[in-house]
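Heads up, the thing below is written out as structure tokens.
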Amino acid sequence: MANEEHIALLKKGAESWNQWREENPDAKPDFSKADLRGTKLQNANLSDSNLEEVKFQFSNLKGAILTGSNVNRGKFQDVNLSNVKLDNADLKQVNFFEANLQYADMENSNLQGAQFNEDTTLFQTNFKGANLKEASGLMENQIRDCLVNKETKLPEYLGEETDDDFLLQM
């Protein structure tokens, strides 16, 4: 369960939160199952946090750092995640419906079973080395706008349509 002190600190804003993180570099923030809908967390340092099942719907996390975080089953519906760092994160079964993931760094992240839709904005999203097996709702035109490599594991329904020549272009 979420640490109420961490939630109270975070709700004061990214600047206060980031200062606390600098003063407590070994802390492992726990926001599991927290309701953070509608929060403004631009540039917040949420790296190595437990964000499992957090509700972020309608929030702004532009430029936030979530590197190495556990975000399994998180809800990012209609969230601004542009320029966010979600590399090396655990993002299994995350809902990204209508999310803005432009320029997001999701390199080497586990996105198994993640949910996307046609209104998910993917442009220059870094999926290099990411595991997108069993992800749903992705379309070939969305993936063509992303950064992928040979280590990227795409869903089977895209693997049939996307050939090695495409992957080598990225």
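Where a number appears in this text, it was derived from the coordinates with a stated rule and is not lab data. Computed from a prediction, not measured in an experiment: that's the story for all the values here. Every residue, glycine among them, receives a Cβ derived from its backbone with ideal geometry; neighbour counts consider all protein chains shown.
Things worth noting here:
- On the beta carbon distance between GLU5 and PHE58, with R0 = 25 Å, the FRET formula returns roughly 0.55.
- Tensor-based shape of the stretch 85-135 (alpha-carbon gyration tensor, a/c under 1.5 rounded, otherwise prolate or oblate): oblate
- For the pair GLN19 and TYR157 in one chain, pulling the backbone fully straight at 0.36 nm per residue adds 45.2 nm over the alpha carbon distance.
- Over all other residues within a Cβ to Cβ distance under 13 Å of THR121, the charged ones net out to -4, with Lys and Arg as +1 and Asp and Glu as -1.
- Working note: Karplus 6.51/-1.76/1.60 with θ = phi - 60° gives the stretch 125-142 the couplings 6, 8, 10, 4, x, 7, 9, 10, 4, 6, 5, 10, x, 6, 10, 4, 5, 5 Hz, where Gly and Pro are set to x.
- Contact order for the chain, expressed relative to its length and based on alpha carbon pairs under 8 Å spaced 6+ residues apart, stands at 12 percent.
- Take the Cα of MET139, step 7 Å toward its Cβ, do the same at ASN117, and the gap between the two points is 1.3 nm.
- Amide H to amide H, with H built 1.01 Å from N, ASN45 comes under 5 Å of ASN18, ILE65, counting only residues 5 or more places away or on other chains.
- Cα pair distances in the chain, grouped into 5 Å bins until the bin that holds the longest one, percent each: 2, 9, 18, 25, 18, 12, 8, 5, 2, 1, 0
- Its Cα centre serving as origin, the chain has a Cβ charge dipole (Lys and Arg +1, Asp and Glu -1) of approximately 560 debye.
- Residue-wise HN-Hα couplings along the stretch 66-83, as the Karplus relation 6.51 cos²θ - 1.76 cosθ + 1.60 with θ = phi - 60° gives them from phi, are 10, 3, x, 7, 9, 10, 3, 6, x, 10, 10, 5, 6, 10, 7, 10, 5, 6 Hz; Gly and Pro carry x.
- 5 angstrom amide H check on LYS33, placed H, neighbours 5+ away: GLU52, GLU53, VAL54
- Per-pair calculated FRET efficiency, R0 = 30 Å: ASN108 and LYS33 via Cβ, rounded to 0.05: 0.70
- Estimated vicinal HN-Hα couplings, Hz - the stretch 41-47 in sequence order (Karplus 6.51, -1.76, 1.60; Gly, Pro = x): 10, 4, 6, 6, 8, 10, 4
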